[in-house]
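The values are calculated or read from the model by the stated rules, or taken from the named source; none is laboratory data. Since we're looking at a predicted model, the values are computed, not measured. Using ideal geometry, Cβ is built from the backbone for each residue, glycine included, and neighbour counts are taken over all protein chains shown.
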């Protein structure tokens with residue numbers, strides 16, 4: 001009966017409920033423990049989670065905040081960016097990246113991406129830096145790390161801090177170093193579909209310097225250095241929820257296994273699609289891709305998506321509209337150079353189902369349906 005149900009059910013692009021199912025008893029116990037504690041704001045669960053992530057990432061410290069977007073905003077503030085400054089990033093990203101820059105009153109400067117990794121292309125970076133540049137914000141997109149070796153060298157020459165947007169790249173590494181621990185700050189999201197997802201919003205900022213960690217702790221609570229006394233500007237209320245931290249403390253124990261599961265499914269797709277007219281995800285030497293999303297490129301993208309929809313298979317486009325064509329985000333941005341790769345990629349990309357609880361039968365259905373589109 002299970003096989004029959006799998007053949008006929010809709011396969012979603014992501015399934016956070018399914019990913020949580022086998023952890024339900026542990027999660028409910030953690031929630032009950034937290035409720036019974038009576039400590040609901042920045043309590044023991046948040047403290048434990050911060051310590052665990054800091055140690056896991058090899059950072060000086062970690063600070064839990066309200067969302068991934070707020071993590072980026074606070075990370076930028078913590079390294080000295082503020083209103084009127086420029087922050088160099090990419091147009092091919094979730095709108096949250098640029099929304100965070102705008103939240104602090106800074107000016108987004110957009111450069112093009114590398115065609116294989118879809119991350120910031122360092123070749124465009126140096127010419128985008130000006131005397132107003134206060135931070136560089138590379139995005140580790142889809143789970144593949146940006147080229148922080150090249151980006152870091154340019155940043156060091158210009159004495160500009162690097163703030164990593166790691167929202168889609170929990171557990172990704174470069175030469176064995178965890179993303180988030182390489183720049184001056186690293187920003188993570190625990191949105192439910194992320195590799196380490198909460199059951200609601202949540203975020204975290206890690207930093208490589210103890211003074212940056214201390215500044216982050218003040219910034220997330222009104223700029224306070226002690227209760228009811230603010231001694232730095234731009235503070236706000238952005239705190240990781242104690243209940244979400246309890247959930248994350250359960251899930252982090254399973255993170256390594258879940259990421260390996262993602263990599264196994266991606267490898268199965270890669271082998272099955274190798275001879276098809278698709279551009280498959282790249283994994284550069286020295287980089288570890290963690291496949292938050294499995295994104296292919298196809299010049300018949302819309303037809304392929306429709307074919308899969310008719311077969312009961314969910315797909316997505318991450319992202320159909322680059323930041324520079326969205327009026328709500330693009331107003332006031334500076335575009336540094338051509339964005340031709342960004343615009344080409346937006347026309348061709350398609351995300352296929354990939355998540356830890358995706359069954360072998362469902363993987364086969366995805367593979368067979370994609371192959372059927374091209375081979376029949």
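Some values worked out for this structure:
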| read-out | value |
| --- | --- |
| Qualifying positions in segment 29-79 - within 15 Å of residue 252 (Cα to Cα), surrounded by fewer than 18 Cβ atoms within 10 Å (Cβ to Cβ), touching a strand residue (DSSP E or B) at 6+ places or on another chain (Cβ under 9 Å) and touching a residue at least 60 places away in the same chain (Cβ under 8 Å) | 52 |
| Residue list for segment 319-360, restricted to those being under 15 Å from residue 269 (Cβ atoms) and in a helix (DSSP H, G or I) | 360 |
| Residue match in segment 268-276 (condition: touching a helix residue (DSSP H, G or I) at 6+ places or on another chain (Cβ under 6 Å) and in a loop (DSSP other than H, G, I, E, B)) | yes |
| Count - residues of segment 179-195 that are within 18 Å of residue 142 (Cα to Cα) and buried (at least 23 other Cβ atoms within 10 Å of the Cβ) | 8 |
| Candidates 122, 138 - the one that is in contact (Cβ under 8 Å) with a residue 12 or more places away in the chain, under 18 Å from residue 166 (Cα atoms), surrounded by fewer than 23 Cβ atoms within 10 Å (Cβ to Cβ) and touching a helix residue (DSSP H, G or I) at 6+ places or on another chain (Cβ under 7 Å) | 122 |
| Residue ID - farthest from residue 164 (Cα to Cα), chosen from residues in segment 186-213 that are more than 21 Å from the chain's Cα centre (by Cα) and in contact (Cβ under 8 Å) with a residue 40 or more places away in the chain | 210 |
| Residue check for residue 372: modelled with pLDDT of 95 or more and assigned to a loop (DSSP other than H, G, I, E, B) | no |
| Qualifying residue in segment 323-339 (condition: free of Cβ contacts under 8 Å to residues at least 60 places away in the same chain and under 23 Å from residue 10 (Cβ atoms)) | no |
| Residue in segment 222-235 that is closer than 26 Å to residue 290 by Cβ and either surrounded by 20 or more Cβ atoms within 10 Å (Cβ to Cβ) or modelled with pLDDT of 95 or more (or both) present | no |
| Only listed residue being buried (at least 22 other Cβ atoms within 10 Å of the Cβ), over 19 Å from the mean Cα position of the chain (by Cα) and modelled with pLDDT of 95 or more, chosen from 216, 240 | 216 |
